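Chemist: Let me begin by handing over the structure; questions about it come next.
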Ligand SMILES: Cc1cc2nc3c(=O)[nH]c(=O)nc-3n(C[C@H](O)[C@H](O)[C@H](O)COP(=O)(O)OP(=O)(O)OC[C@H]3O[C@@H](n4cnc5c(N)ncnc54)[C@H](O)[C@@H]3O)c2cc1C
């Protein structure tokens with residue numbers, strides 16, 4: 001007998017399992033995949049930790065979460081500083097003085113601010129000339145916020161590929177703000193703590209689950225053995241899709257998906273950076289990840305790696321059976337989730353948690369924080 005059956009060996013399940021185990025609870029963790037770590041799973045290929053379900057960069061302002069993860073991994077000093085490739089022209093992201101210098105040749109923050117202001121004023125004047133007072137679509141909204149040059153080269157194509165529709169057909173509210181930095185700073189995340197667990201996320205999650213009170217079984221589909229598995233534990237913590245738990249009785253929650261094409265290249269470097277975003281409309285992929293740069297191109301002993309692994313990312317429509325990535329928190333899906341939440345609240349002896357169990361986009365630190373809080377509450 002176990003105190004907890006945890007369905008899902010992702011960050012939510014592993015965090016909760018660890019805290020419960022340390023409080024003396026007996027825990028069984030199952031996952032239908034053949035590995036632990038859920039979507040943060042990394043697999044070693046050619047000595048490189050490859051992020052199999054999309055690039056993951058750990059960043060947080062939450063001291064409790066940072067202290068928690070430090071117990072299971074050493075983090076390196078990786079800082080996310082993506083590069084934009086617009087038809088072969090390279091720009092620094094997020095928008096900062098390096099970007100503006102490359103775009104317009106401006107040198108001082110004052111000159112950059114003036115240039116942006118001029119472009120915004122032109123956009124406003126053009127709209128007013130047409131008798132338009134509020135931006136009617138994402139394109140107008142973005143140009144009002146950042147001006148035409150940055151929009152055309154760095155926002156338009158990327159956004160259209162992500163959403164699969166022209167910016168003129170996307171609602172303005174999708175972009176509320178486009179932060180502009182008038183300093184030389186390519187650090188994408190403005191977080192107090194940032195880095196990549198040395199040796200990969202899988203190693204970190206394995207360490208979290210390595211406790212005498214935790215048993216882990218992978219390759220186990222919960223719904224194929226639900227009654228038997230439920231009988232093994234007092235309480236179930238379920239971190240799979242909430243609609244699947246209720247057999248889609250109210251309908252299917254929708255997701256946005258991503259498709260990855262991975263390639264091993266027989267050369268030491270492909271692009272010299274972990275992430276390059278393709279911001280034109282013509283290139284079919286949104287970005288290319290070169291995994292070795294998350295650990296500075298070195299193996300675990302600090303040697304340079306001769307090969308490289310890249311992943312091209314494509315935005316794709318999601319259908320039932322595909323890997324669910326990003327929840328679509330629009331009105332329709334939020335209302336459907338609310339119905340499932342009601343069923344979940346009435347389900348005795350089952351806790352629903354994590355990105356799929358709560359149908360919520362969670363960054364890694366937020367999902368760990370949520371699991372720690374749930375543990376505080378129930379243990
Ligand atoms: C493309 C992408 C990139 C991201 N990049 C970042 C980033 O850079 N930084 C960041 O902080 N966050 C990032 N995130 C968020 C991060 O992936 C999540 O916070 C985290 O994976 C959530 O963990 P979880 O445990 O809730 O879910 P999961 O990791 O999905 O774990 C749930 C587990 O449950 C298992 N499961 C489901 N159903 C069943 C069943 N019926 N039986 C058995 N097992 C089942 C699944 O196999 C899965 O392993 C990114 C997310 C995506 C989609």
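Chemist: Go through the residues of region 301-312 one by one and say whether even a single one is within 15 Å of the ligand (Cβ to nearest atom) and not assigned by TED's automatic domain parsing to the domain that holds residue 42.
Modeler: yes
Chemist: Do we find that residue 194 is touching a residue at least 24 places away in the same chain (Cβ under 8 Å), closer than 25 Å to residue 91 by Cα, under 19 Å from the mean Cα position of the chain (by Cα) and part of a helix (DSSP H, G or I) in this structure?
Modeler: So residue 194 fails the test.
Chemist: Go through region 297-325 and report how many residues are touching a helix residue (DSSP H, G or I) at 6+ places or on another chain (Cβ under 9 Å) and outside any loop (DSSP other than H, G, I, E, B).
Modeler: Number satisfying all stated conditions: 7.
Chemist: Among the numbered conditions (1) more than 14 Å from the ligand (Cβ to nearest atom); (2) under 27 Å from residue 76 (Cβ atoms); (3) touching a strand residue (DSSP E or B) at 6+ places or on another chain (Cβ under 8 Å), tell me where residue 317 comes up short.
Modeler: Of the numbered conditions (1) more than 14 Å from the ligand (Cβ to nearest atom); (2) under 27 Å from residue 76 (Cβ atoms); (3) touching a strand residue (DSSP E or B) at 6+ places or on another chain (Cβ under 8 Å), the odd one out for residue 317 is (2).
Chemist: Against the definition (within 23 Å of residue 277 (Cα to Cα), more than 11 Å from the ligand (Cβ to nearest atom) and in contact (Cβ under 8 Å) with a residue 12 or more places away in the chain), how does residue 1 come out, yes or no?
Modeler: no
Chemist: Considering only region 294-314, state which residues are without any contact (Cβ under 8 Å) to a residue 24 or more places away in the chain and on the phi < 0 side of the Ramachandran plot.
Modeler: Residues satisfying the conditions are 298, 301, 303.
Chemist: Can you pull out the residues in region 104-123 that are closer than 23 Å to residue 190 by Cα and in a helix (DSSP H, G or I)?
Modeler: 109, 110, 112, 113, 116
Chemist: Further question: Check off (1) farther than 30 Å from residue 46 by Cα; (2) modelled with pLDDT of 95 or more for residue 311 and give me the number that stays unchecked.
Modeler: Here residue 311 meets the rest and fails (1).
Chemist: Could you grab me the full set of residues in region 4-38 that are within 6 Å of the ligand (Cβ to nearest atom) and touching a strand residue (DSSP E or B) at 6+ places or on another chain (Cβ under 9 Å)?
Modeler: Across region 4-38, the qualifying residues are 7, 8, 9, 10, 12, 13, 30, 31, 32, 33, 38.
Chemist: Residue 123 versus (1) under 20 Å from residue 85 (Cβ atoms); (2) over 26 Å from the mean Cα position of the chain (by Cα): which is the lone unmet condition?
Modeler: Of the numbered conditions (1) under 20 Å from residue 85 (Cβ atoms); (2) over 26 Å from the mean Cα position of the chain (by Cα), the odd one out for residue 123 is (1).
Chemist: Something else about it: Considering 128, 160, which residue is surrounded by fewer than 17 Cβ atoms within 10 Å (Cβ to Cβ) and either touching a strand residue (DSSP E or B) at 6+ places or on another chain (Cβ under 7 Å) or assigned to a helix (DSSP H, G or I) (or both)?
Modeler: Only one candidate passes the filter, namely 128.
Chemist: Quick one: residue 362 ticks every box in (1) at pLDDT 95 or above; (2) more than 27 Å from residue 82 (Cβ to Cβ); (3) assigned to a loop (DSSP other than H, G, I, E, B) except a single one, so which number is it?
Modeler: (2)
Chemist: Next question, about the same structure. Kindly indicate which of 154, 144 is outside any loop (DSSP other than H, G, I, E, B) and in contact with a strand residue (DSSP E or B) (Cβ under 8 Å, 6 or more places away or on another chain).
Modeler: Of the residues listed, the single one that is outside any loop (DSSP other than H, G, I, E, B) and in contact with a strand residue (DSSP E or B) (Cβ under 8 Å, 6 or more places away or on another chain) is 154.
The values are calculated or read from the model by the stated rules, or taken from the named source; none is laboratory data. This one's a predicted model, so the numbers in the text were calculated from it and none came from an experiment. We place every Cβ from the backbone using ideal geometry, glycine too, and count neighbours over all the protein chains shown.
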